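A short reminder: the numbers here are calculations on the coordinates, not readings from a lab. Nothing here was measured: the structure is a model prediction, and the numbers come from that model. Neighbour counts are summed over all protein chains in view; Cβ atoms, including those assigned to glycine, are modelled from backbone coordinates with ideal geometry.
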Amino acid sequence: MKKLTIAMTTLLLVTLLATTAFAWGRGWGRGPGAAYCNGPEDRAFSQLNLTAEQTAKIKALREVHLKDVTPLREKVFSKRNELRILWLKDNPDEAKILAVQKEMRALRDQLADKRTSHRLAAFKVLTPEQQQKMQAFRSGSGKGRGAGFGWSPRGGAGPGPGFGRGNW
C-alpha cells in the first residue's frame, strides 16, 4: 500500500509540473513569423486613394522588400541569440561580444538602408498630390493625436488614430 501511495503521489507531482510547463507556453516572443506589420504607412496609403495600378506596384515592391530583408532579419536574430549565449558564459569574452555586436550593427545598418530604399521606391509610385499628403503624414501634421500615449509636440496627448511619430 505504501508503494502504491508513493507511486500515485509521484505521478500526481509529475502531472502537475508538466501541466504547469505546458500552460506557461511560449510567452511574449517575436511570434511565429516575420509578417509585415500594419504601420502608419499602411494607414496613410489607405487615405491616399491609390489606383489599382499603384496598389499593385506598391504591393509588389513590398513583397520584393520582404524577400530581400528576411535573410538579414534572421541573421540579426541569430546574432542576438549568439550574443545572449556569450553573455551567459561564466567568463564572458569581451572581444567576441564586441565582434558580434559589431556584426549586428552592420546587419541593422543594411536593414535600415534597404528600408529607406523601399520607402523611396514606394514614394515614387505616388502622384505629386499623393506625395504631398504622404509627407504631411510623415511630418506628423496629419489629423489626430499621436500614435502613442503621453504628450507629443507633434500629436497632442493620449492615444489616438494620428501619425504622431511620422515614421512611415
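Residue by residue through region 123-137, what is 3J(HN,Hα) from phi via Karplus (6.51 cos²θ - 1.76 cosθ + 1.60, θ = phi - 60°)? Round to whole Hz and write x for glycine and proline.
5, 5, 6, 7, 6, x, 5, 5, 5, 5, 4, 5, 5, 5, 5
Work out from phi, with θ = phi - 60° and the Karplus expression 6.51 cos²θ - 1.76 cosθ + 1.60, the ³J(HN,Hα) of each residue of region 3-15, listed in order in whole Hz, and give x for Gly and Pro.
Using θ = phi - 60°, the values come out as 5, 5, 5, 5, 5, 5, 5, 5, 4, 5, 4, 4, 4 Hz.
Which lysines, if any, have their Cα less than 21 Å from the Cα of Lys67, not counting same-chain residues under 8 positions apart?
Output for Lys67: Lys57, Lys59, Lys75, Lys79, Lys114, Lys124.
Compute for region 41-135: radius of gyration divided by Kirkwood radius, i.e. Rg/Rh, restricted to C-alpha atoms, rounded to two decimals.
The Rg/Rh ratio comes out at 1.20.
With the crude spin-label approximation of a point 7 Å out along Cα→Cβ, what separation in nm comes out for Thr51 versus Gln101?
5.1 nm
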